[in-house]
Amino acid sequence: MSAVRFTWPGQPRFRLSIDRFEVVKGERVLLLGPSGGGKSTLLSLLAGIVSPQTGQVDVLGTNIAKLPGAARDRFRAEHFGIIFQMFNLLPYGTVTDNVLLPLSFSQQRRANVAANGTAADEAARLLLRLGLPGDEIACHRASSLSVGQQQRVAAARALIGRPEIIVADEPTSSLDRAWQKEFLDLLFEEIEVAGATLIMVSHDETLAELFTRCVRLDDIATIGRGAP
């Protein structure tokens, strides 16, 4: 990511400027900053959910900032697993429906799953690894789960099909302290097996020692909140 300048449509007072930010394949990067400080916006730029007004966002050899919207969506579906801060689960879909959803949009992730068994078996394995026994919870509606359970379903959805890049927006915010480290250890193990890269944002500085690199948003970005 280089020479990026971004403002939200209709909100010209917020301006995010990043001269340069790089992540090496296989890194586990923790991006720290206060709540409301622009961390989620940076993740959205990295994943191609939004595009900057100027600058480059190079991912796996592609400048996704230059792709039209539909092409960015396809690229994101193939290469990114995303754990959203608000989870973005299908509330009336089952747990299994939600975990399997990315496979509907990515041929490569479907192929990765098929190489090792059925999609349903892989969903159950991931749920079990994240502390959600699939045989007990698979048919439950997502809306019936606790916040912590929804967060772990969102993590399983991001991991299925072994995408190359996982971006996670405060994925431990709804977990108690005892579960946080266990959850991250499991997440790291799955990412290592997949050879994936992790970029996670948080305001919790105590997590820094668990990552290969810790970056403070203020060190790589300038946030403007005044008159445009």
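Pairs meeting the criteria (first residue in segment 161-172 and in contact (Cβ under 8 Å) with a residue 24 or more places away in the chain, second residue of a type in the set (D, E) and part of a loop (DSSP other than H, G, I, E, B), beta carbons under 9 Å, at least 6 apart or on different chains) are E170/D204; T172/D204. When segment 15-45 is examined, which residues are found to be in contact with a helix residue (DSSP H, G or I) (Cβ under 9 Å, 6 or more places away or on another chain) and aliphatic (A, V, I, L, M)? Passing the criteria: L16, I18, V23, L30, L31, L32, L42, L45.
Out of all the residues in segment 204-215, is one or more farther than 30 Å from N116 by Cα, at pLDDT 90 or above and surrounded by 15 or more Cβ atoms within 10 Å (Cβ to Cβ)? Yes, because at least one residue in segment 204-215 is farther than 30 Å from N116 by Cα, at pLDDT 90 or above and surrounded by 15 or more Cβ atoms within 10 Å (Cβ to Cβ).
Let's see how each residue does on (1) modelled with pLDDT of 95 or more; (2) over 21 Å from I223 (Cα atoms); (3) among the hydrophobic types (A, V, I, L, M, F, W, C):
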| position | (1), (2), (3) |
| --- | --- |
| L30 | yes, no, yes |
| G37 | no, no, no |
| L45 | yes, no, yes |
| G55 | yes, no, no |
| V59 | yes, yes, yes |
| N63 | yes, yes, no |
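Quick one: would you say R110 is charged (D, E, K, R), out of contact with any strand residue (DSSP E or B) (no Cβ under 9 Å at 6 or more places or on another chain) and at pLDDT 95 or above? Taking the combined requirement at face value, the residue satisfies it. Quick one: is T222 part of a helix (DSSP H, G or I), over 17 Å from the mean Cα position of the chain (by Cα), farther than 22 Å from G81 by Cβ and among the polar types (S, T, N, Q)? No; evaluated as a whole, the condition is false for this residue.
The one condition from (1) surrounded by fewer than 17 Cβ atoms within 10 Å (Cβ to Cβ); (2) under 16 Å from the mean Cα position of the chain (by Cα); (3) in contact (Cβ under 8 Å) with a residue 12 or more places away in the chain; (4) within 27 Å of L60 (Cα to Cα) that E192 does not meet is (3). With respect to I160, determine if the residue is in contact with a strand residue (DSSP E or B) (Cβ under 9 Å, 6 or more places away or on another chain), among the β-branched types (V, I, T), within 26 Å of G48 (Cβ to Cβ) and at pLDDT below 90. Judged against the criteria, I160 is not a match. In segment 135-158, which residue that is in contact (Cβ under 8 Å) with a residue 24 or more places away in the chain and outside any helix (DSSP H, G or I) is surrounded by the most Cβ atoms within 10 Å (Cβ to Cβ)? Ranking the qualifying residues of segment 135-158, first place goes to L145.
With the checklist (1) of a type outside the set (D, E, K, R); (2) touching an Asp or Glu at 6+ places or on another chain (Cβ under 8 Å); (3) at pLDDT 95 or above in hand, flag the one item L126 doesn't pass. Failed condition: (3).
Of the candidates L132, L175, the single residue that is touching a helix residue (DSSP H, G or I) at 6+ places or on another chain (Cβ under 7 Å), under 17 Å from N98 (Cα atoms), at pLDDT below 90 and crowded, with 16+ Cβ neighbours inside 10 Å is L132. Residues in segment 50-108 that are closer than 19 Å to V147 by Cα and aliphatic (A, V, I, L, M): 7 in all.
Of all residues in segment 159-172 being in a loop (DSSP other than H, G, I, E, B) and crowded, with 23+ Cβ neighbours inside 10 Å, which is farthest from the chain's Cα centre (by Cα)? Checked segment 159-172; the qualifying residue farthest from the chain's Cα centre (by Cα) is G161. Of note, L184 does not satisfy the criterion of being in a loop (DSSP other than H, G, I, E, B) and either acidic (D, E) or more than 25 Å from E78 (Cβ to Cβ) (or both). Contact map, segment 54-72: first residue closer than 12 Å to M1 by Cα, second residue crowded, with 17+ Cβ neighbours inside 10 Å and aromatic (F, W, Y), Cβ cut-off under 9 Å, separation 6 or more or different chains; pairs are T54/F6; G55/F6; V59/F75; V59/F80; L60/F75; T62/F75; I64/F75.
The values are calculated or read from the model by the stated rules, or taken from the named source; none is laboratory data. Given the structure is predicted, the values throughout are model-derived calculations rather than measurements. Cβ coordinates were reconstructed from backbone atoms using ideal geometry, including for glycine residues, and neighbour counts include every protein chain displayed.
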